[in-house]
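Have a look at the structure below before the remarks.
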Amino acid sequence: MEGVFLTLEGLEGTGKTTNLAFLTQLLEEAGANVLVSREPGGTQLGEALRELILNRHDLQVSAMSELLMIFAARAQHLEQVIKPALAEGLWVISDRFTEASYAYQGSGRELGSAAVEVLEALVQAHLQPDVTFLLDIDPELGLRRASATGAPDRIEQEGLAFFERVRSGYLSRAEQFPERFKVVDASPSLEQVQTQLRMHVSALLNEKGLAT
Ligand code: Z5A
């Protein structure tokens, strides 16, 4: 693969949408060709599955069904969007990827990491993001921020204990893979959050031979 694969992760209210635009701008200013996508979603099939996963409050969805639908969407996303873009040399930023499955389904839904590992091996083989930015926040603060942005989806309706497990899940994966994860404290002002992101992006651009 010629391109660079970046993923952005974190709880609701961490400012992923806001900071995705900032990351894209930093990379484009440095001369990178950037493709932004998201999960679940990124393809027609993925967006249809996203609707089922997040917005169909009338359906019963077991934790395992949720995980399998997310990986079905991911398989399509990889084949149709991510792998072709990387092969063309693009910088791909995915708003969430497999770390969200470890955190939300593995930890939050308590399915455990083994189930996620099996699907990850099947769907991704050896493909991993080059860098995973984790916007870390106390769930109470995150949920307070997120509550200002509209009606909660099916997952956002979970209680604080669920999001505490999701956060611990993310942080323990970050400890396990310190080379790939860049953990950013998302609790201070946006300006301070973006100073941390800029530092990580500068280091990455240097490593990839692009001036900042
Ligand atoms: N999901 C899953 O379970 N398993 C998986 O494998 C995958 C996904 C891939 C998709 O959510 C859902 O899918 C997600 C997990 C699940 N579920 N939930 N719940 P999404 O990523 O599409 O949606 P989201 O998590 O709600 O993300 P978002 O829309 O990007 O929201 P955000 O991170 O909260 O970002 P924001 O809209 O930029 O910021 C929220 C508010 O905070 C907004 O008013 C900002 O102005 C404000 N903000 C941002 N930063 C700051 C700072 N620093 N200070 C003060 N205020 C701030």
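Key figures
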quantity	calculated
Candidates 88, 117, 66: whichever shows maximal mean-square fluctuation once the chain is modelled as a Gaussian network with Cα springs under 10 Å	88
Under Karplus coefficients 6.51, -1.76 and 1.60, residue-wise ³J(HN,Hα) of the range 191-200 in Hz, glycine/proline x	4, 5, 5, 6, 5, 5, 5, 4, 5, 5
Over the range 56-205, relative contact order from alpha-carbon pairs under 8 Å, at least 6 apart, %	27 percent
For a label point 7 Å along the Cα-to-beta-carbon line of residue 202, residues of the range 23-47 with backbone N under 19 Å	23-32
Solvent-accessible heavy-atom area per residue, rounded to whole Å², over the range 75-197 at 1.4 Å	47 Å²
Of all accessible heavy-atom area on the range 48-87, the percent that carbon and sulfur account for (1.4 Å)	55 percent
Over the range 58-126, relative contact order from alpha-carbon pairs under 8 Å, at least 6 apart, %	38 percent
Amide H within-cut-off set for residue 36, under 5 Å, with H built and near neighbours excluded	93
In order through the range 47-64: 3J(HN,Hα) via Karplus (6.51 cos²θ - 1.76 cosθ + 1.60), integer Hz, x for Gly, Pro	5, 5, 5, 4, 4, 5, 5, 9, 10, 8, 5, 7, 9, 8, 10, 6, 4, 5
9 Å beta-carbon shell around residue 167, net charge (K/R +1, D/E -1)	-2
In nm, spacing of pseudo-spin labels at residue 157 and residue 21 (7 Å Cα→C-beta vector)	3.0 nm
Paramagnetic reach from residue 127 (point 7 Å along Cα→Cβ, amide N under 19 Å) across the range 23-51	33-50
Inter-label distance, nm, simple model (7 Å from Cα along the C-beta direction), residue 189/residue 83	4.6 nm
Value in Å of the Kirkwood radius, where the chain supplies the Cα pairs that are averaged	17.5 Å
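The values are calculated or read from the model by the stated rules, or taken from the named source; none is laboratory data. Since the model is a prediction, treat every value here as computed from it, not as a measurement. FYI the Cβ positions are ideal-geometry reconstructions off the backbone, even for glycines, and counts take in every protein chain you see. These accessible areas exclude ligands, DNA and RNA; they are computed on the full protein's heavy atoms, side chains included. Shrake-Rupley method; radii C 1.70, N 1.55, O 1.52, S 1.80 Å.
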